[in-house]
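The values are calculated or read from the model by the stated rules, or taken from the named source; none is laboratory data. Predicted model, so just to flag it, every value in this text is computed and none were measured. Neighbour counts run over all protein chains shown; Cβ positions are idealised from the backbone, glycine included. Quick note on the areas: whole protein, heavy atoms, side chains included, nothing else; ligands and nucleic acids left out. Shrake-Rupley method; radii C 1.70, N 1.55, O 1.52, S 1.80 Å.
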Amino acid sequence: MIKPRFYNRLIMIMIVIVNMKLIEITNLTHRFADGTIGLDSVSLTIHEGEFVVVAGQNGSGKTTLMRHFNGLLMPASGEVKIDGIAVSDDLKRARQLVGMVFQDADSQIVGETVYEDVSFGPENLGLKGQGLKRCVTDAMASVGISEIAEQRPHQLSGGQKRKLAIAGVLAMKPRVIIFDEPFSNLDYPGVKQVLQQILDLHQSGHTIILITHDLEKVIYHASRLVIMEKGKIVRDGIPEKVIGEVEQFGIRTPCAYRMGMETESWLR
């Protein structure tokens, strides 16, 4: 019997062969206001349907890179294209196609109720009436928060806030969803809930990019592992090919690999 994780690797190969280039990054350089180089001539291609984990130490450039995907940051030089169109040429389009769930879920909360919060994005896109209601209702149902639609977001648990953030992104109908340290400050049940939601989104056809410095919880499910250091991509490939080198870049090797065992999903 073929083990589940090998299906991920086969899927990656098929995606690269069959699917289109959804994100194309060419010689991307970013300088912060103080002149510090955040990204140094980064080039990267992500195909539709991939599950990419981007790992690295704090300050390695992971989040800086991802913020260029929907124009939250603009490059000093180089280019990011989403489905063939430069982000700088159509910011509204990029922000609809690429949704980002931030590490601090509270930073994404803008509504007085869960329903209002999920409504914020599609309302800004011009949706109204029954179209808006259907969009918001579907997004809440997809992450299992319909029953708390009238609750105040800041009273929710950590796991519920992450689900709310995901629902707000889903209401925009994105093709790519970026998760920035999605398991930080969550207990074990919360981690399992959010991980299951991420896997469900990938299964439903979304391209997933997950930023982390902790590979333990997600490496089993990844089809590709990208390592960053000092604003550069230093490794990129199938996890089994890259995992043996991660510690030289300040990333902890998952316990199973350290013990010579195969990894298992946290959902077991």
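One table, with the values for the structure above:
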quantity	calculated
Antiparallel DSSP beta bridges within the range 171-265, as percent of all bridges there, nearest 5	50
Extended-chain gain in nm, criterion 0.36 nm per residue less alpha-carbon gap, Gln196 and Thr36	53.8 nm
Estimated FRET transfer efficiency (Glu24, Glu150; beta-carbon r; R0 45 Å; 0.05)	0.60
Gain upon complete extension [Leu91, Gln203; 0.36 nm per residue less C-alpha separation]	37.6 nm
Label-reachable residues, the range 195-225, where backbone N falls under 18 Å from a point 7 Å from Ser157's Cα toward its Cβ	195-198
Sequence-separation-based contact order of the chain, relative, with Cα cut under 8 Å and 6+ spacing, percent	24
Förster-model FRET efficiency, 25 Å R0, Lys173 and Thr113, C-beta, rounded to 0.05	0.70
Cross-link partners of Lys128 among lysines (Cα-Cα below 21 Å; sequence separation of 8 or more within a chain)	Lys92, Lys173
Computed P(r) (all Cα pairs; the chain; 10 Å bins; percent)	7, 29, 36, 22, 5, 0
For the range 92-185, size of Cβ-based charge dipole, Lys and Arg +1, Asp and Glu -1, in debye	500
Long-range HN-HN contacts of Phe179 with modeled amide H, under 5 Å	Val101, Ile209, Leu210, Ile211
Among Leu156, Leu225, Leu170: highest mean-square fluctuation, GNM of the chain, C-alpha pairs under 10 Å	Leu156
GNM top mover of Glu116, Glu79, Glu245 - the chain, alpha-carbon springs below 10 Å	Glu245
Antiparallel %, DSSP beta bridges [both residues in the chain], to 5	50
Added length on full extension, which subtracts the Cα-Cα distance from 0.36 nm per residue, Arg258 to Asp214	14.4 nm
Spacing of the two label points (7 Å from each Cα toward its C-beta) at Asp104 and Arg268, in nm	3.7
Expected-Rg normalisation [2.2 N^0.38 Å, Cα atoms] applied to the range 176-237	1.15
Area accessible to solvent at Ser77, 1.4 Å probe radius, in Å²	50
Debye, to nearest 20: dipole size of the chain, +1 on Lys, Arg Cβ, -1 on Asp, Glu Cβ	400
Phi to ³J(HN,Hα) by Karplus 6.51 cos²θ - 1.76 cosθ + 1.60 over the range 155-164, Hz, x for Gly, Pro	8, 7, 6, x, x, 5, 5, 5, 4, 4
Backbone HN-Hα couplings from phi across the range 128-138 [Karplus 6.51/-1.76/1.60, Hz, Gly and Pro as x]	9, x, 5, x, 5, 4, 5, 4, 5, 4, 5
Heavy-atom accessible area order for Tyr220, Tyr115, Tyr188, largest first, 1.4 Å probe	Tyr188, Tyr115, Tyr220
Magnitude of the charge dipole, the range 71-113, Cβ model with Lys/Arg +1 and Asp/Glu -1, debye to 20	160
The range 91-128 residues near the modelled Met74 label - backbone nitrogen below 16 Å, point 7 Å along Cα→Cβ	91-95
Furthest towards positive pole of dipole, Ile145, Leu267, Gly38, structure part the chain, Cβ charges	Leu267
Solvent-accessible area of Arg31 with every protein chain in place, 1.4 Å probe, in Å² to the nearest 10	130
Accessible surface of Ser88 - all protein chains present, 1.4 Å probe, nearest 10 Å²	80
C-alpha center-to-center spacing [the range 92-117, the range 198-268] in angstrom	25
Met261, Met74, ranked by accessible area, largest first (probe 1.4 Å)	Met261, Met74
